[in-house]
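Let me begin by presenting the structure, written as structure tokens, before commenting on it.
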Amino acid sequence: MSHVLHRSLTQSYPTAVGGDGVYLIDAEGKRYFDACGGAAVSCLGHGDPAVIAAVQQQVATLAYAHSSFFSTEPMEALADLLAEQAPGELNYVYFVSGGSEAVEAALKLARQYFVEKGEPRRRHVIARRQSYHGNTLGALAAGGNQWRRQQFQPLLIEVSHVSPCYAYRDQLPSETPEAYGVRLVAELEAEIQRLGPEQVMAFIAEPVVGATLGAVPAVPGYFKGVRDLCDRHGILLICDEVMCGMGRTGALFASTQEGIVPDLLCIAKGLGAGYQPIGATLVSQTIVDTFRNGSGFFQHGHTYIGHATACAAALAVQQAIAERGLLARINSLGEQLQQALEERFSTHPHVGDIRGRGLFRGIELVQHKASKAPFEPTLKLHAKVKTAAMDAGLMCYPMGGTLDGRRGDHILLAPPFIMEDRHIDELVDKLEQALNTVF
Ligand code: PLP
């Protein structure tokens, strides 16, 4: 009997004992092609010698020093690198241990910014339905995933939710993608007006939506419209790139692909690639200047801020991605993957849509292609796909449909950047085997 409080109390999990490049290995010696990086984490695959060496060296030198006593070399070096890579005036980095913490920090940075700026009435956050920003209470409040929120609702701060940008289901047949984007920005503007612009502090969104929609990029112009709207009303724009950032979509920061720079940018998963738990919130010069000219202090903090070993791991991961030219391969590998998925599955009666950007791809499963009717969530189709894929030696990341039936089950693919062309066939073959088992 396991004494671990696992996610599921009814399921038993194989024990992962090793990692080898694009594969995870369980205690029985079975190898799984890791086509989702867990949840878009393991972008450098498993067992990377350069990262292992960096972690070993850092642990031997200095594993940890509390950030209220010391700065550390790896923390400074990683912040320098990220600030140099980040667009616009995102010149500061606040380190945390994961994605939810990065979002919590962004929300608190936004709130404190307005308090210090003399606009304490600004407290409302606007987010999007069918979004996920993490599981801590602040991040959960921002998220719009009803299934995750339901029972915790009484504990959550009030957040307004507007429509996500989800062309496959919500763009009208009479609309161009651009016109659809304009309509969504108008909806956001109406919500800002309803709340009173002087009371709104931030709008938060994922540039390419991961877990809740399944690798859905916005339509052209949508994020530019959002940025303009936020600027017009003095509202901060938070981009949650916890899943889609750090190269996953073919650019280090997905928001740059939309031609915008947010005021706060959250990253995590691909930052440390799973070698250590780490996340970060990139913060604009304007926000930091406001703090500097005000209290001189950010009223927040966790014990593991800027953990030296975590920073050393992330630094080694990011250096490996740069030195090995992996970013340049993501777009071409992503195109090949999209093509292979379309060739194999576009005529499948239960595949409604195949989409994504870079090495971030999603497949939406439907009952009927023409009507796009989703399967009943009670069928738990996504769980069946996950089990069948694991049986076939494949890790993919399936998610259930929404409770309101506004989205079907989907399969998220986020394979490691080190994958080779031949791995695309392996991925698609194993996925086909899994889908054949389920349907
Ligand atoms: N934001 C997004 C977009 C995510 O996808 C996730 C996790 O899946 C989070 C935040 C929360 O990150 P974590 O699970 O590391 O707390």
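The values are calculated or read from the model by the stated rules, or taken from the named source; none is laboratory data. These numbers come from a predicted model, not from an experiment. Positions of Cβ are backbone-derived with ideal geometry, glycine not excepted, and every protein chain shown enters the neighbour counts.
Below is a table of values for the structure above.
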item: Residue within segment 173-195 that is under 20 Å from D353 (Cβ atoms), assigned to a loop (DSSP other than H, G, I, E, B), within 16 Å of the ligand (Cβ to nearest atom) and not assigned by TED's automatic domain parsing to the domain that holds E364 present; result: no
item: Residue count for segment 383-414, restricted to those that are closer than 23 Å to L44 by Cβ and either touching a His at 6+ places or on another chain (Cβ under 7 Å) or in a helix (DSSP H, G or I) (or both); result: 2
item: Matching residues in segment 317-363 - criterion: being more than 25 Å from Y275 (Cα to Cα) and of a type in the set (V, I, T); result: T347, V351, I354, I363
item: Any hit, segment 378-397, residues being over 23 Å from the mean Cα position of the chain (by Cα) and of a type in the set (F, W, Y); result: no
item: Single condition L109 does not satisfy, out of (1) at pLDDT below 95; (2) crowded, with 17+ Cβ neighbours inside 10 Å; result: (1)
item: Hits in segment 291-329 (condition: surrounded by fewer than 24 Cβ atoms within 10 Å (Cβ to Cβ), in contact (Cβ under 8 Å) with a residue 12 or more places away in the chain and closer than 19 Å to E104 by Cα); result: F291, F298, Q299, H300, G301, H302, T303, Y304, I305
item: Search result, residues across segment 271-281 that are more than 22 Å from E119 (Cβ to Cβ) and in contact with an Asp or Glu (Cβ under 9 Å, 6 or more places away or on another chain); result: A273, Y275, G279
item: Pairs where the first residue, in segment 130-150, is more than 12 Å from V242 (Cβ to Cβ) and the second is among the aromatic types (F, W, Y) and surrounded by 15 or more Cβ atoms within 10 Å (Cβ to Cβ), C-beta under 6 Å, 6+ apart; result: N145/Y132
item: Contacts under 7 angstrom Cβ, first residue in segment 229-254 being within 12 Å of the ligand (Cβ to nearest atom), partner assigned to a loop (DSSP other than H, G, I, E, B) and among the small types (G, A, S), 6 or more apart; result: V242/A268; M243/G210; M243/A211; C244/G210; R248/G358; R248/A414; A254/G245
item: Residue match in segment 76-98 (condition: β-branched (V, I, T), within 16 Å of the ligand (Cβ to nearest atom) and closer than 18 Å to L315 by Cβ); result: yes
item: Selection within segment 259-274 - more than 12 Å from the ligand (Cβ to nearest atom) and of a type in the set (D, E, K, R); result: D263
item: Residue match in segment 51-59 (condition: within 27 Å of V288 (Cβ to Cβ) and surrounded by fewer than 16 Cβ atoms within 10 Å (Cβ to Cβ)); result: no
item: Segment 198-222: number of residues that are surrounded by fewer than 24 Cβ atoms within 10 Å (Cβ to Cβ) and at negative phi; result: 6
item: Hey, A392 assigned by TED's automatic domain parsing to the domain that holds L337 and over 26 Å from V51 (Cα atoms) or not; result: yes
item: Selection from segment 275-289 of residues that are away from the ligand (no atom under 16 Å from the Cβ) and either crowded, with 19+ Cβ neighbours inside 10 Å or in the same structural domain as G37 (by TED's automatic domain parsing) (or both); result: V283, S284, I287
item: Helices (runs of 4 or more DSSP H) wholly inside segment 197-295 containing at least 3 residues that are more than 30 Å from Q57 (Cβ to Cβ) and not aliphatic (A, V, I, L, M); result: 222-233, 254-257, 285-293
item: Hey, A373 aliphatic (A, V, I, L, M), at pLDDT 95 or above and either surrounded by 18 or more Cβ atoms within 10 Å (Cβ to Cβ) or farther than 17 Å from M243 by Cβ (or both) or not; result: no
item: Single residue of segment 126-160 satisfying the filter (in a loop (DSSP other than H, G, I, E, B) and more than 14 Å from the ligand (Cβ to nearest atom)) that is nearest to the chain's Cα centre (by Cα); result: R129
item: Any chance R122 is in a loop (DSSP other than H, G, I, E, B) and away from the ligand (no atom under 16 Å from the Cβ); result: yes
item: Segment 99-119 - residue that is away from the ligand (no atom under 16 Å from the Cβ) and charged (D, E, K, R) and, of those, nearest to the chain's Cα centre (by Cα); result: R111
